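Q: Provided herewith is a single structure, encoded as structure tokens, for subsequent inquiry.
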Amino acid sequence: MGKKLISLLIYGGVFLISAALSAVITFAVTIKSGTIYVPKFTGLKIEEARKEAERIGIVLRVVARRQEENIEPGIVLSQEPYPGSEIKKGGEVRVAISEEGEKMKIPDFRGKKVEEVRMEAEDLGISIGNITRIYYPGISRPSVIAQFPSPGKEISRRGYVDLLVGLPLKEAYVMPDFIGRNFEMIQIKLTSAGFKIAPPEFVQYPGWESGVIVQQLPFPGYKITRDQEISFKVTR
């Protein structure tokens, strides 16, 4: 009799636990059935996003509009709640979309220094994008030689302009052969011509008189500019 009673109590307990778990699971399923995982709307046109929101039973509301360069108007830029979040069916997702900005014609920046262009662009509300510098013949100072978009093209006031800046070509000379010549005389001639001379390195060189050039850098025949330093090894 006692064993039967214990068995009945055990079975009864198992039944009650099973019933409780079933109730919890049923409740969870009921809750889940009323929720929706938010899809990704960013990157879609607002019309497409609205259709998808309507299909799954949520509301899409535009709460902000922003001007974005190189993005056509009406594109979803951001959303809240984020993709993958859970909301109740019929809930609301708030989005920001792109809009067309105020247009203006780009001025001609060619021939101006970069500093001048920056100031003028800032006054107009334009940003400076990439700046590429190249050596360019026929100019005496660094200046803009090309721009993209080109002058006269329309751009939004939050847009940017890329610049190509020309640098004056440096006048180059062919390095003469100074080996065996008197250092002091060569030093006077080079410095008077505007070249930079490094302090000489004095070396022992048997059979040579003192003050004679035995090595030079750059080597004879190499190209050199006035802002490049020339170095010599000279006998003691």
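Q: From 151, 206, which residue is outside any strand (DSSP E or B) and outside the structural domain of residue 112 (by TED's automatic domain parsing)?
A: Selected residue: 206, the only one of 151, 206 that is outside any strand (DSSP E or B) and outside the structural domain of residue 112 (by TED's automatic domain parsing).
Q: Need pairs with beta-carbon distance below 8 Å; first residue in contact (Cβ under 8 Å) with a residue 12 or more places away in the chain and within segment 188-199, second of a type in the set (Gly, Ala, Ser) and in a strand (DSSP E or B); sequence gap 6+ or separate chains.
A: 197/231; 198/231
Q: Does residue 127 meet the test of being of a type in the set (Gly, Ala, Ser), under 30 Å from residue 110 (Cβ atoms), in contact with a helix residue (DSSP H, G or I) (Cβ under 8 Å, 6 or more places away or on another chain) and in the same structural domain as residue 111 (by TED's automatic domain parsing)? I'd like the intermediate steps shown before the answer.
A: Details: of a type in the set (Gly, Ala, Ser): yes; under 30 Å from residue 110 (Cβ atoms): yes; in contact with a helix residue (DSSP H, G or I) (Cβ under 8 Å, 6 or more places away or on another chain): yes; in the same structural domain as residue 111 (by TED's automatic domain parsing): yes.
Considered against the rule, which asks whether it is of a type in the set (Gly, Ala, Ser), under 30 Å from residue 110 (Cβ atoms), in contact with a helix residue (DSSP H, G or I) (Cβ under 8 Å, 6 or more places away or on another chain) and in the same structural domain as residue 111 (by TED's automatic domain parsing), residue 127 comes out as yes.
Q: Can you name the condition, by its number, that residue 173 falls short on among (1) modelled with pLDDT under 85; (2) loosely packed, with under 14 Cβ neighbours inside 10 Å; (3) among the hydroxyl-bearing types (Ser, Thr, Tyr)?
A: Against the list (1) modelled with pLDDT under 85; (2) loosely packed, with under 14 Cβ neighbours inside 10 Å; (3) among the hydroxyl-bearing types (Ser, Thr, Tyr), residue 173 comes up short only on (1).
Q: While we're looking at this one, here's another question. Is it the case that segment 154-161 has a residue that's over 30 Å from residue 212 (Cβ atoms), at pLDDT 90 or above and not in a helix (DSSP H, G or I)?
A: Yes: one or more hits.
Q: Do we have any residue at all in segment 212-225 that's touching a residue at least 60 places away in the same chain (Cβ under 8 Å) and within 39 Å of the chain's Cα centre (by Cα)?
A: Within segment 212-225, none of the residues are touching a residue at least 60 places away in the same chain (Cβ under 8 Å) and within 39 Å of the chain's Cα centre (by Cα).
Q: The conditions are (1) over 30 Å from residue 66 (Cβ atoms); (2) under 30 Å from the mean Cα position of the chain (by Cα); (3) of a type outside the set (S, T, N, Q), and residue 162 fails exactly one of them. Which is it?
A: Result: residue 162 fails condition (1) only.
Q: Within segment 58-124, considering only strands (runs of 3 or more DSSP E) that don't extend past its boundaries, which have at least 2 residues that are buried (at least 17 other Cβ atoms within 10 Å of the Cβ), touching a residue at least 24 places away in the same chain (Cβ under 8 Å) and over 24 Å from the mean Cα position of the chain (by Cα)?
A: The strands (runs of 3 or more DSSP E) meeting that bar are 92-99.
The values are calculated or read from the model by the stated rules, or taken from the named source; none is laboratory data. Only a predicted model underlies this, so the values are computations on that prediction, with no experimental measurement involved. Cβ sites come from the backbone with ideal geometry, for glycine too, and all protein chains shown count toward neighbours.
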